[in-house]
Amino acid sequence: MKLVIVGGVAGGMSAAARARRLNEAAEIIVLDRGPHVSFANCGLPYHLSGEIPERQSLLLHTPATLKSQLNLDVRVNSEATAIDRAARTVTVSGPRGDYTLDYDALILAPGARAMVPPIRGVDNPAVFPLRTIPELDAIMAHLAGLEGGHGPGEQLDEGAPLRAVVVGAGFIGLEAVEALAHRGLEVTLVEFAPHVLPPLDDELAPLLQAELERNGVTVRVGTSVVAIDDAPATGVVATLSDGTVVPADVVVVATGVVPDTALAKRAGLDLGFRDAIAVDGAMRTSDAHIWAVGDAVQVRQRVGDVEILGPVPLAAPANRHGRLAADAIMRGRAADGEPAPVVLGTAIVRVFGMVAAITGASQRMLRTNGVESTTVHIHPGSHAGYYPGSEQIHLIGSFAPDGTLLGAQAVGRDGVDKRIDVLATAIKAGMTADDLADLDLAYAPPFGSAKDPVNMLAFTAQNILDGTMPVWYAQDLQWAKQNSLILDVRSAAECSRGKVFEALNVPHTQVRDRIDEIRVAAAGRPIAVHCASGVRSYLATRILREHGLDARNLSGGALTLQAVNPRWTD
């Protein structure tokens, strides 16, 4: 068996290592067009910031270590330029010149390439992407020259900090912002979408923007960079679509990636959405002797009963699918008609002291695909409130009418990763709100609560789905103002700091005694109840409904209302 793998890093190297463990006799050749075949590309921003001090820490393996440990023939700076499917050969250009390799099985792991926006001057020497070790080296060298030998975060002699513009507020863009800010640069973040981290739901994104601004980052959303021009006194200037001019010493472009499938296209392999390589459940392409893994392949995302095909450029799926392809090749496993693997798109990012994480379908994806769902907002503590250090988690879950969990998102300072991982597992298992409500999770005061946020999300979903707690949403504020009595059950002190105009304030402990007053004020209209987070208003809603009133609780309370409607108070 002769296996040739085009591309290393997550998908390619995972496939190579697994193939060797399954077949000691196989000849395994790995080709990579770059100088590093196995590096931690997810760690690049953390070396840029100085948190990972040694560049060598990012280099996981070299051709020599892979030869000694796994008997792999790894050839760096070697690019596969053509595939002859009939002859089963790959043409290679590299230090050995141009040559061909025959293969019994071929795995393509070409990854993705940076999506370069149509910006005039994007090829300026002060403009960089951040995806590979050479790109990181280029940014580090550029900053070192400007810093004049100072280390990250050290004040320059002239007293003026360097300035950076980061284009794109996705996961990589946010990590780049944090890294540059840690180095002491003044950072402006520019995002074309209406809010930072576009995959995040509208109710959560403002929390990240506030954290960015608390740490000195200038955030410009709903705009784009249209030009980058030299400016002798300031390095470059970035001109935004609204006419604003932002001076900068360095510009990092992080506007996403597209599958790098030129080789597959030239070979005539079937391609799917965004030209991603079409594969089956065993990662086999339209050619029986060629498999593909990683950022360049088309996988499936489920949105309710709807399946979306496309690439999902994340390291974890790439590693899993490299292993899957190696198993298929070395053990003769076929997909038996199964389509491409399902990927949830679970992802997480740190933004200074805040963490945001997502899994499964977002509200936007559900709406776009016409999938009926119920959204639940809660704001629990990361662990027992009586134990010091509990931090609020802002947690959203979307549930199908039968209670099946479809997606979840969270933002907070502690405990976000734990909850999203549990919820990702629940989505994979097809669990419902009833299942999550009965989930037995580890509890001790420093780590969680007797009713964990995951349980609380499920309890709330059960109440909504079975009619115990009808809800209204922050997006319905104008409708509620015009068609209902808004009942604010926070304390009088809380309301004195701002409330919805003409809302009736009845603290939740007084609702029973003031039922008649509330009934008269409602005058037959529905009652839109809210408190700060949705807990006290749930209690009030139950009292009102037990007295025959049409009351609904604001999902997520004023915390969610303020995120969706920053000027919610009149």
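Would you pick out the residues in segment 474-489 that are within 35 Å of the chain's Cα centre (by Cα) and surrounded by 21 or more Cβ atoms within 10 Å (Cβ to Cβ)? Correct list: 474, 480, 488. Within segment 34-49, the set of residues being in contact (Cβ under 8 Å) with a residue 60 or more places away in the chain and more than 23 Å from the chain's Cα centre (by Cα) comprises 34, 35, 36. All of (1) over 20 Å from residue 1 (Cα atoms); (2) surrounded by fewer than 16 Cβ atoms within 10 Å (Cβ to Cβ) hold for residue 76 with one exception: (2). Only one entry of 300, 323 meets the criterion of being in contact (Cβ under 8 Å) with a residue 24 or more places away in the chain, of a type in the set (D, E, K, R) and closer than 19 Å to residue 17 by Cβ, and that entry is 323.
Scanning segment 1-25 for residues that are buried (at least 19 other Cβ atoms within 10 Å of the Cβ) and part of a loop (DSSP other than H, G, I, E, B) yields 7, 8.
Contact map, segment 266-288: residues that are of a type in the set (Gly, Ala, Ser) paired with residues that are part of a loop (DSSP other than H, G, I, E, B) and crowded, with 18+ Cβ neighbours inside 10 Å, Cβ distance under 6 Å, separation 6+ or inter-chain. Pairs shown: 276/311; 278/272; 286/269. Among the residues making up segment 108-121, those that are surrounded by fewer than 16 Cβ atoms within 10 Å (Cβ to Cβ) and either part of a loop (DSSP other than H, G, I, E, B) or under 24 Å from the mean Cα position of the chain (by Cα) (or both) are 115, 116, 117, 118. Within segment 276-305, the set of residues being more than 19 Å from the chain's Cα centre (by Cα), buried (at least 19 other Cβ atoms within 10 Å of the Cβ) and not charged (D, E, K, R) comprises 276, 277, 278, 279, 282, 283, 285, 290, 291, 292, 293, 304.
Tallying residues that are closer than 20 Å to residue 112 by Cβ and acidic (Asp, Glu) within segment 10-46 yields 1. In contact with a strand residue (DSSP E or B) (Cβ under 6 Å, 6 or more places away or on another chain) and either in a loop (DSSP other than H, G, I, E, B) or not assigned by TED's automatic domain parsing to the domain that holds residue 552 (or both), is that true of residue 500? For residue 500, the condition - in contact with a strand residue (DSSP E or B) (Cβ under 6 Å, 6 or more places away or on another chain) and either in a loop (DSSP other than H, G, I, E, B) or not assigned by TED's automatic domain parsing to the domain that holds residue 552 (or both) - is met.
The values are calculated or read from the model by the stated rules, or taken from the named source; none is laboratory data. Nothing here was measured: the structure is a model prediction, and the numbers come from that model. Neighbour counts are summed over all protein chains in view; Cβ atoms, including those assigned to glycine, are modelled from backbone coordinates with ideal geometry.
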